[in-house]
1. Going through the range 162-234, which trypsin sites (Lys or Arg not before Pro) have at most 15 other Cβ atoms within 10 Å and a DSSP loop state?
2. What distance in nm lies between label points placed 7 Å from Cα along the C-beta direction at Gln336 and His77?
3. Ignoring ligands, DNA and RNA, what percent of the 1.4 Å accessible area of the chain is carbon and sulfur?
4. Just subtract the alpha-carbon distance of Tyr392 and Thr322 from 0.36 nm times their residue separation and send over the number in nm, one decimal.
5. Determine, for each peptide in 405-414, 290-299, the mean count of other beta carbons within 10 angstrom over its residues, then list the peptides with the highest first.
6. Would you please put 505-511, 485-491 in order of how densely packed they are, using the mean number of other Cβ atoms within 10 angstrom per residue and starting with the highest?
7. Compute the whole-percent fraction of alpha carbon pairs in the chain spaced more than 41 Å apart.
8. Using a/c under 1.5 as the rounded threshold, could you call the range 147-229 rounded, prolate or oblate? The axes a ≥ b ≥ c are square roots of the C-alpha gyration tensor eigenvalues, and prolate needs a/b larger than b/c, oblate otherwise.
Amino acid sequence: MEAMGPRDLRVAGLFSWSNALSFDEGEGKQMSELETRHYLQNGGEAAAARDAIEWAQQARAAMVDLKFCDLLGTWQHVSLPVTGFDESAFDEGLGFDGSSIRGWQGISESDMLLMPDATSAILDPVTEVPTLSLICEIADPLTREPYNKDPRGIAKKAEDYLRSTGIADTAHFGPECEFFVFDDVSYELGPNRSHYQVDSAEGHWNSGKPGLGYTVREKEGYFPPAPHDTLHDLRTQMVLTLERLGIPCEFHHHEVASGGQCEIDLRYQPLTRMADQVMIYKYVVKNVARAAGKSVTFMPKPIFGDNGSGMHTHQSLWKEGTPLMADKSGYAGLSQLARSYIGGLLAHAPALLAFCAPTTNSYRRLVPGYEAPVNLVYSQRNRSACIRIPMYSDSPKAKRVEFRCPDAAANPYLAFAAMLMAGIDGVEKDLDAGPPADYDLFEEADGSVPQVPGSLAEALDALEADHEFLTKGGVFTEELIRTWIDYKRENEVDVVRLRPHPAEFSLYFDC
């Protein structure tokens, strides 16, 4: 056997503990069942704390990892030995410093509680040692009330509010999260210099270098087979890891952009569970890529001149197991409820994008005149409309609306909750979605078609002016919205707005 280099060791070690436990064929089958049983059995049900503890013991977990989502959509975590973790943690919580988390508590009121959710239990697919992973919500240690800036808590409140309206009891979400896989990444930001560089062996810019010549032409990356698609096996490993965690996947494929753009589709789930799965998805995708010596980014527009990465979000309402968005006599098979839901999304779209396309880089993707969904209209099949009605099936269960503006840099808990609240507002007010745009929006539009905000600053202004629909039922609070706007303006908009851009040197240095 040849000696392995550092990259080979990472690849071999990704699931080292799982493979070691499965050395015996009989035991391996038992472990496989343990690894996949949890989410299928517990997801969406009231699993007892005891179930999670017993399952961890059966799986021989040595550690417990507690994960939670910060305001901006990044997972944070803390670990402890399984011997120091018992059922009381689920009721009493575990303390941590909330002042160290972006956009949360001040130092004078920093004590917060992590409240693990037993239904979220998985075996962490990345850790070397068998580790029980639990997603947590946040509570105030004095009042024991849910923290009003906890994204997961907000998602659950949105679902509760939907049920309280009587409109529906379930909101299903199905995002298409796109991402880039790069071989090399570097960036620097200083007072007198800045640079970024990303590279992929697939990139069309590498066609002039000595090699095999199988680069992907600009904007021709959609569905090519090997040898042009060099990432098929990597995506398959990502999918199988997600499936092993009980997260059902649908298609995976190369996306339009050159330079390693990919997509893995998740099967629709109720709102909060899907937001959980998006967080796990991003964790798995990044770590499987890292083990292979590659890097994944969900940044919407890392490459100039080629397609950006979105998170087209399919959504539908159901009640007592019956889909509510289908009516074969309606346009594109949509019910009146669905059209009112679309009316809500369109009416509040500028404000929604503060959560759904929440970075300055998001608006490098949402640019008029390209394929990006910048037009605030809806249509069957038309991908340049911000809302598309998929027409692949006549089944009422398949009828849904697809909001195409979001990207996967969004916090999924806040983005999904905000979209649902906009849709509910549309249904409650019977908002008119207007006529569908079944025409070429590039060739036939007369300039009267409204468009999405042109920048994050504009989206934040829109949210500041239009957020009453979000605060219904106490789902979003004024404090959270104010914190979001202020943080984004100070720490993102101004950082980009005030800094000289490299392109400006090319344009103006010799003026």
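1. Here the trypsin sites (Lys or Arg not before Pro) that fit, given the DSSP loop and packing criteria, are Arg193, Arg217, Lys219.
2. According to this spin-label approximation, the distance is 5.0 nm.
3. 52
4. 23.2 nm
5. Top to bottom by mean Cβ count within 10 Å: 405-414, 290-299.
6. Packing proxy ranking, top to bottom: 485-491, 505-511.
7. 21
8. Note, shape of the range 147-229 comes out oblate.
The values are calculated or read from the model by the stated rules, or taken from the named source; none is laboratory data. Remember, it's a predicted structure, so these values are computed and weren't measured experimentally. Cβ: placed from backbone, ideal geometry, glycine included. Neighbour counts: every protein chain shown. These accessible areas exclude ligands, DNA and RNA; they are computed on the full protein's heavy atoms, side chains included. Shrake-Rupley method; radii C 1.70, N 1.55, O 1.52, S 1.80 Å.
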